[in-house]
Structures are given as structure tokens and as C-alpha cells.
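Have a look at the structure below before the remarks.
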Amino acid sequence: KDETFRDVAREMQTIRSDVMNGVKKLELEHASEMKARAHLEEELKSVNTQLNRERELVFNLQSDLEQSMSERNAIQDDFVDLQGTHLHLENRLEQVAHDRSHLSTQIDDMHDSIAALEADKDSLTMKLE
């Protein structure tokens with residue numbers, strides 16, 4: 001009986017030792033998994049931070065693009081206005097050139113009239129003398 005009792009006690013001790021070793025092994029695996037999980041969570045946090053930075057950069061680039069497009073549209077509007085002004089000024093320049101030519105002709109006619117009047121005056125003055 002004593003020997004059976006000892007065999008059972010030894011078997012229980014072996015089982016208990018195996019169980020304790022198994023528990024320690026599970027605790028080590030759990031600790032390792034928790035450490036790996038913490039590392040993955042840090043990596044995820046880093047990736048999320050980088051993603052947020054990238055999103056902010058994309059938002060800023062979109063805002064810059066919208067502003068550039070708005071400025072481009074304003075420049076195009078100004079260009080169209082300048083083309084209209086240029087056309088108006090070209091038309092006005094043609095009108096001024098035409099008016100100048102007309103006035104030049106009138107001045108030439110007046111010079112001719114003055115010369116004719118001077119000649120008539122000289123002729124009348126000679127006749128009076």
C-alpha cells in the first residue's frame with residue numbers, strides 16, 4: 001500500500017510538475033504575445049499618424065490646386081478683358097488716324113484758301129495802288 005501510495009504521489013508530483021511547467025510555458029507565450037501585440041499596436045499607431053499626415057498633405061494640395069485654378073480663371077478673365085480693351089484701343093487708334101487724316105486734309109485746304117486769299121489781297125492791293 002505504501003508503495004502504491006508513493007507511486008501515486010510521485011505520479012501526482014510529475015503531473016503537478018508538468019502542469020506547472022505548462023502553465024509557465026503558457027504564461028511566457030502569453031507575455032510574448034502581449035509584447036508582440038503592444039509592438040503591433042505601436043506600429044499601427046505610427047501608420048495611422050503617417051496616414052493622417054498624408055491625408056493632411058492631400059487636403060493641402062487640393063486646397064492649393066483649387067486656389068491655383070481660381071487664380072488661373074481670374075487671369076483668364078483679365079486676359080479676355082485686356083483683349084477687349086486692346087481691340088477697343090485699336091479701333092480708337094484707327095478712328096484717331098482717320099480723324100487726323102481728315103484734319104490734315106482740312107488744314108491743307110485752309111492753307112490753300114489762305115494762300116488764295118493772300119493772292120487776292122495782293123492783287124487787290126496792286127489794283128488800289
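Rank Glu42, Glu66, Glu27 by mean-square fluctuation in a GNM of the chain with C-alpha springs under 10 angstrom and give only the top-ranked residue.
Among Glu42, Glu66, Glu27, the largest mean-square fluctuation in the Gaussian network model of the chain belongs to Glu27.
Any idea which of Ile114, Ala97, Phe5 is furthest toward the positive side of the dipole for the chain, if Lys and Arg beta-carbons carry +1 and Asp and Glu beta-carbons -1?
Phe5
With every protein chain left in place and a probe of 1.4 Å, what is the accessible surface of Val47, to the nearest 10 Å²?
90
Can you send over the solvent-accessible area of Asp2, 1.4 Å probe, protein chains only, in Å² to the nearest 10?
110
Have a look at the range 6-129 and give its Rg and Dmax from the Cα atoms, expressed in angstrom.
Cα only, the range 6-129: 52.2, 178 Å (Rg, Dmax).
Let me spell out the model: positive unit charges on the Cβ of Lys and Arg, negative unit charges on the Cβ of Asp and Glu, origin at the Cα centre of the chain. What dipole size does that give, in debye rounded to 20?
1660
Tell me, what is the per residue accessible area of the range 5-129 in Å², probe radius 1.4 Å?
The answer is 95 Å² per residue.
The values are calculated or read from the model by the stated rules, or taken from the named source; none is laboratory data. Everything numeric here is computed off the predicted structure, so don't read it as measured data. In this analysis, Cβ positions are derived from the backbone assuming ideal geometry, glycine residues included, and neighbour counts consider all displayed protein chains. To get the accessible areas, we keep the full protein, side chains included, count just its heavy atoms, and leave off ligands, DNA and RNA. Shrake-Rupley method; radii C 1.70, N 1.55, O 1.52, S 1.80 Å.
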